[in-house]
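In what follows, a structure is listed as structure tokens, so that the remarks can point back to it.
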Amino acid sequence: MPIGKICLDTETTGLDCFRDEIIELAIISYNGDILFHHRINPLRRKSWPKASSVNGIYPEDLRNEKTIEYYRKEIQRIFDAADTVIGYNVTFDTDFLRSAHFVLPDIEIDVMEPFAVIYGDYNDYWGDYTWQKLTTCARYYHYDWGNTKAHGALADALATLYCYKKMAAHDHT
């Protein structure tokens, strides 16, 4: 059954999609329904101190979690039913997912790039608008994080979807 647009976010062991791994994945529908949300035990990496200092996920937190292979069919079914992936700096997430051999929808919408223009911090040196963090975008649109905080996959996916809808309402996407 087609599900249309999905919004996703990952937490990873680092920044290199060929060496590092996904350790948390959240995928939500355009309506905000949780389609998938799990922490994931990496197959190769045993520690990731720099990433842990950002995302708060440590090896001991994943000791009893399943690997990405356990969830592969479930995740791929979601991607097969979707036609569009929405994310904040979405290429980062989709590069990790493709590196893990998932086939994703062809259409990707990156909330970060149009928000940079909306925010308006132009950098003369680079000749472009400065990319802003998701927390800046969420604050700009008065997003209420509730009991959650940034740098959790589900919290970030929900915040991204909220910001995307605010931007779309003003035709900024």
Out of the residues in region 24-44 that are without any contact (Cβ under 8 Å) to a residue 60 or more places away in the chain, more than 17 Å from Arg98 (Cβ to Cβ) and under 16 Å from the mean Cα position of the chain (by Cα), state the one that is least open to solvent (accessible area, probe 1.4 Å).
Ser29
For region 77-96: of the residues being out of contact with any Leu (no Cβ under 9 Å at 6 or more places or on another chain) and open to solvent by 30 Å² or more (accessible area, probe 1.4 Å), which is farthest from Glu24 (Cα to Cα)?
Asp83
In region 45-66, is there at least one residue being closer than 15 Å to Asp156 by Cα and without any contact (Cβ under 8 Å) to a residue 40 or more places away in the chain?
no
Residue within region 107-125 that is hydroxyl-bearing (Ser, Thr, Tyr), buried (at least 18 other Cβ atoms within 10 Å of the Cβ), out of contact with any Pro (no Cβ under 9 Å at 6 or more places or on another chain) and free of Cβ contacts under 8 Å to residues at least 40 places away in the same chain present:
no
Output for Cβ contacts, cut-off 9 Å, separation at least six or different chains, first residue farther than 18 Å from Thr10 by Cα in region 70-87, second outside any strand (DSSP E or B) and open to solvent by 50 Å² or more (accessible area, probe 1.4 Å), reads Asp80/Val103; Ala81/Met1; Ala81/Pro2; Ala81/Ile3; Asp83/Pro2; Asp83/Ile3; Asp83/Asp106
Which listed residue, of Ala168, Ala116, is over 24 Å from Phe36 (Cβ atoms) and of a type in the set (A, V, I, L, M, F, W, C)
Ala116
Checked against (1) closer than 22 Å to Asp80 by Cα; (2) modelled with pLDDT under 95, Asp9 satisfies every condition except (2)
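Tell me which residues, restricted to region 72-101, are assigned to a helix (DSSP H, G or I) and under 18 Å from Asp20 (Cα atoms).
Arg72, Val90, Thr91, Phe92, Asp93, Thr94, Asp95, Phe96, Leu97, Arg98, Ser99
The values are calculated or read from the model by the stated rules, or taken from the named source; none is laboratory data. In this text the structure is predicted, and so the values were computed from the model without any measurement. Backbone-built Cβ (ideal geometry, glycine too); neighbour counts: all protein chains shown. Heavy atoms of the whole protein, side chains included, go into the accessibility calculation; ligands, DNA and RNA do not. Shrake-Rupley method; radii C 1.70, N 1.55, O 1.52, S 1.80 Å.
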